[in-house]
1. Taking segment B:519-537, which residues are at the interface with chain A (Cβ under 7 Å from one of its Cβ atoms) and closer than 17 Å to B:GLY430 by Cβ?
2. Quick check on my filter: what residues within segment B:645-657 are in contact with an Asp or Glu (Cβ under 8 Å, 6 or more places away or on another chain) and more than 11 Å from chain A (Cβ to nearest Cβ)?
3. For the structure I just gave you, tell me whether B:ASN348 is in a strand (DSSP E or B) and at pLDDT below 95.
4. Need pairs with beta-carbon distance below 6 Å; first residue more than 11 Å from chain B (Cβ to nearest Cβ) and touching a residue at least 60 places away in the same chain (Cβ under 8 Å) and within segment A:116-127, second in a strand (DSSP E or B) and loosely packed, with under 14 Cβ neighbours inside 10 Å; sequence gap 6+ or separate chains.
5. Does A:ALA209 fit the bill of being farther than 18 Å from A:ALA236 by Cβ and over 20 Å from the mean Cα position of the chain (by Cα)?
6. Of everything in segment B:492-547 that's outside any helix (DSSP H, G or I) and among the β-branched types (Val, Ile, Thr), which residue is surrounded by the fewest Cβ atoms within 10 Å (Cβ to Cβ)?
7. Restricted to segment A:206-216, and to residues that are in a strand (DSSP E or B) and surrounded by 12 or more Cβ atoms within 10 Å (Cβ to Cβ), which residue is nearest to the other protein chains (Cβ to nearest Cβ)?
8. Among the residues of segment A:173-191, what is the count of those that are free of Cβ contacts under 8 Å to residues at least 60 places away in the same chain, within 13 Å of another protein chain (Cβ to nearest Cβ) and surrounded by fewer than 15 Cβ atoms within 10 Å (Cβ to Cβ)?
Amino acid sequence: MNARTRVLIAAAIGLLSNAARTGAQPVFDTHVYHQTVRAVLRGGPVEKIEILVDPSSVVVFDITSTDAGAVVQLAAPDGRFFAPDSAAAAGVGYATFAGGAERGSLASFAGQHHVFTLRAPAVGRYFVTVAASPPVAGAPSGAARSPSDKYALVGVSVLFANTLRLATAIDKASGAVGQPLQLLVRVSEEAGAVTHARAHLTVRSPNGAGQALTGRDDGADVDVVAGDGVYTCSFAPAEPGEYAVTALVDGFDVTGARFRRQAGFTFVVD
Amino acid sequence: MGGQWNAEITLSGASNGTSPSGVAWSFAETATIRVRFDVLVDGQVDTPDRISRTGVATLSVSTYFVRSVNGTVTRHDAGAGSLTLASEDQGVVLVMERTAEGCTYVFSSLQLVGGIRNVLDDYEYPFWTFGPVGRHELSGGHVYFGSGAAIIIGGSLPPGAPDLLQPIVEGGGPVLTSAGDIPIPWQVAWRVGGPDVENDSRVLRTQYSSPAPDASDRQFVAGRERPVSAACTFASEGPIAFEIPITRHVGELKEDGTLRHADELIHAGFLSPTLTLLVPVYDVDGGPTGSPGRSPEVDRVLFNGEEIGTLTGANDAWTVNRFEVDIRRVRFPSLPDVGGGPPTAAINTIEVRVDTANPGTDTWCTAVAWGSASFKAMSPIVLVHGNGAAEGNRGYGRQFINAGFTKDLDEQHLLYDTSVALQTGTIEGGGAQLASQIPGVATRFGVDSVHIVAHSKGGLDARAFLAGHRTDTAVLSLTTLGAPHDGTVGATLLASYRALAMTVGVDGETLDRIGLNKGLQYVTPGAAAQFNASNLPRLSGALTRFFTVAADADQNGNALLELASEWESLRDEVRLSFAASLLYQLLPFVELSRQCGASLASCSAALEAEACLMDVASPSAFPPPRPCPSDFVPNDATVSVASSLGMGGFHALAHAQRLLNGPRGRNHASLLEPGVASGIVPWLLTTETEIGDLR
């Protein structure tokens with residue numbers, strides 16, 4: 001048995017044990033990224049997207065824009081700027097590639113990917129700046145904020161070399177109108193559950209309406225166990241369709257450093 | 001009953017159990033059991049619904065005994081032709097009534113309709129080989145339907161009775177081992193003859209052929225509705241000619257309608273070398289004539305104009321003649337366009353030239369009851385695409401053609417279909433779409449069974465189809481290619497992006513087009529776990545055989561995709577190896593991190609993988625200065641090997657699995673390139689020869 005086979009078996013055992021835990025319990029999907037998305041007006045002002053970097057040995061920014069001509073830069077809290085043509089000189093790794101739906105995994109996001117890799121990054125607030133190309137002449141005004149001649153969709157995924165993890169779950173495979181669902185956010189790191197964080201959830205209904213919710217970890221109401229790092233809230237869908245949930249968590253890790261993580265998931269109500 | 005079946009019993013309710021060979025069976029719908037007897041009169045088979053129709057046999061069921069798993073037997077005297085079974089019921093005993101004496105009753109055929117197909121398949125061979133020449137004579141006794149299969153028990157258990165009889169007999173219930181123990185004598189109402197019969201020597205009197213067999217996608221029949229010959233035919237009345245229409249497409253055709261690649265198909269075992277033609281004929285007098293100057297009867301048989309032999313038989317008796325016809329002489333239908341309905345039948349003509357040894361005289365006559373033509377051929381393969389292939393004009397199943405997957409199938413002249421088109425969405429929705437589309441595919445080929453080969457999420461869609469939908473099309477096998485049976489963390493990333501984009505107002509249709517489609521949320525590890533919890537129990541015991549193919553994209557074992565052969569198909573941009581390696585590294589990192597996050601145990605493996613990922617993510621130094629760890633979670637840059645093999649549970653149902661690694665390694669896209677299908681075909685062939693149309 002070679003090393004790969006051992007790992008394969010170990011992974012299988014992990015999956016099996018995970019499946020065994022499934023039962024009626026919600027199954028969490030772990031997000032290793034901090035992710036955010038903006039719709040950037042073409043030809044408009046430079047968009048600034050704030051990213052909070054907590055202590056990490058390495059951090060990787062994957063900035064993807066549906067506008068291949070968008071100009072992307074990264075500003076660090078120590079005052080340095082990193083641009084595609086100057087990153088190497090500044091000791092920052094940079095690569096770019098075009099994603100496509102048939103390419104699997106993260107690269108399925110069909111846009112131009114800009115990847116910055118920073119070793120021993122400064123801790124604090126970073127700003128991703130995006131200047132989208134000018135709009136194409138004749139672009140319709142008032143278009144929806146979708147990737148188009150008028151808007152560029154920009155996604156930022158930030159991968160941290162540390163063990164802080166955000167995981168999300170819903171207590172049902174699919175929902176039904178009027179029946180409350182539990183939305184759960186779990187925050188953990190190698191040392192254990194992360195408590196005393198703030199979990200903000202935003203649910204966007206199929207009709208576009210948004211609802212802000214707060215996850216609680218105090219053992220009250222829908223939260224089962226206080227202080228287990230699982231933040232829970234209840235939501236009752238009012239119409240059928242696809243719902244989008246954004247979970248934003250901020251708090252302090254075991255070292256006392258502030259962190260912020262955001263991820264999303266969708267669910268469908270019949 | 002349509003005049004053909006002596007008994008027709010409708011079963012309803014739910015029942016399940018395990019066959020003697022260990023196959024779990026169940027039915028939860030209405031099933032119909034039909035049974036037919038021939039009657040021997042003076043040693044001749046006498047069937048009421050053939051040829052002259054001068055008699056009608058009615059074997060009626062008066063009493064049922066239902067046996068439960070604990071051996072308890074309950075009696076039902078209504079005899080209304082229907083029974084409702086409980087879940088613990090194991091079998092049904094039918095007691096048939098008879099009214100005439102002096103006849104021997106020959107069990108002729110059995111048909112099970114609906115509900116319990118897997119049981120029939122399991123029992124079919126033991127049953128049909130039961131007794132001499134596939135029949136069992138009844139000189140008194142019961143008709144027994146045990147565990148869903150029909151069993152005939154005469155005065156005593158005959159030699160060679162299948163073992164499946166024993167548990168039932170020994171388990172108690174109505175005594176079945178001797179005629180004297182039968183609680184109600186079984187009787188046959190039988191009327192023979194008519195006023196016109198006695199005076200017409202050419203009427204077949206009480207002589208009847210065996211009934212025409214049922215038609216299927218591998219057996220085609222002429223003379224089912226009415227006999228080919230209305231009476232015994234002399235030479236002056238012209239040849240006896242009839243047509244057997246074949247409605248199954250088997251392969252590419254030559255201009256004359258025969259197969260272009262018959263030799264290759266036969267050599268590969270995908271097609272029987274001959275077509276078996278069965279023709280029951282009456283009164284073939286091949287012996288001494290007793291009349292000077294008269295020759296024995298010679299009736300020449302031609303198939304599509306070519307002689308295949310002469311009839312054999314006996315005076316005043318029916319004899320089934322069997323001819324093996326070179327399959328290369330047989331005309332088959334062409335394949336209709338997609339949506340064009342079933343194939344237009346290819347007509348094969350059979351001609352019997354009567355009494356050719358006595359030209360100009362009407363010395364001998366003969367008659368033909370029916371004709372059947374049967375052959376064995378491989379069922380077509382339905383190719384099911386993966387997630388999102390419906391978006392962006394990617395051509396649905398045509399990706400199998402464009403990428404080259406079908407090249408292997410073309411070279412072997414195997415039949416396949418790429419018309420399935422699934423709108424992106426839930427797995428259950430994909431299953432429902434398959435349930436509505438696959439019967440149409442089967443109709444187009446003229447078959448009632450298919451194989452499915454499904455890529456990526458299509459494999460889960462197919463599992464949902466098999467678990468939750470019942471159609472008239474049997475799915476013999478499902479082979480999944482890189483299917484995320486346990487989900488993929490890549491989907492978690494993309495589904496998260498979709499949710500975030502929606503919250504800033506981007507519409508779902510736009511996101512579908514840029515690779516952030518709504519199908520992703522159903523193949524995350526969490527969603528897959530929920531799917532498995534409901535799907536796996538429903539797949540257990542399915543007739544379909546499952547096969548899985550997984551791939552490791554890293555062909556040289558360094559955990560990078562720096563070789564062109566490793567990243568080709570995934571990427572076609574600059575710095576391809578870097579980007580592909582990033583994908584390859586990302587999956588194990590996330591997978592290990594997921595386990596780390598879930599268990600809160602040691603995360604060292606995840607951290608090691610993370611360090612490797614970081615190296616790869618510094619493309620200025622690509623390939624990285626130090627090798628990535630070899631003990632890595634292999635993947636195809638989209639789905640891990642463990643997930644593709646279904647190690648979370650589905651693997652237990654798989655008959656076989658294949659890992660493409662090392663020099664044979666593939667990425668998620670190149671799983672659809674040439675060379676993969678050729679490794680799958682032996683699975684399909686074995687399945688066909690054991691449970692499919694090549695049995």
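The values are calculated or read from the model by the stated rules, or taken from the named source; none is laboratory data. A quick note: this is a predicted structure, and the numbers were derived from the prediction, not measured. Positions of Cβ are backbone-derived with ideal geometry, glycine not excepted, and every protein chain shown enters the neighbour counts.
1. B:GLN521, B:THR524, B:GLN530, B:ASN532
2. Answer for segment B:645-657, where residues must be in contact with an Asp or Glu (Cβ under 8 Å, 6 or more places away or on another chain) and more than 11 Å from chain A (Cβ to nearest Cβ): there is none.
3. Numbers: in a strand (DSSP E or B): yes; at pLDDT below 95: no.
In short, no.
4. Going by the 6 Å Cβ cut-off, the qualifying pairs are A:ARG125/A:GLU50; A:PHE127/A:LYS48; A:PHE127/A:GLU50.
5. The answer is no for A:ALA209.
6. Just the residues of segment B:492-547 that are outside any helix (DSSP H, G or I), to begin with: B:504-507, B:514-519, B:523-524, B:540-547.
With the extra rule that they be among the β-branched types (Val, Ile, Thr), the set shrinks to B:504, B:506, B:514, B:523-524, B:544.
Details: B:VAL504: 18, B:VAL506: 25, B:ILE514: 26, B:VAL523: 29, B:THR524: 27, B:THR544: 22.
Ranking the candidates gives B:VAL504 first.
7. A:GLY210
8. The number of residues fulfilling the criteria is 0.
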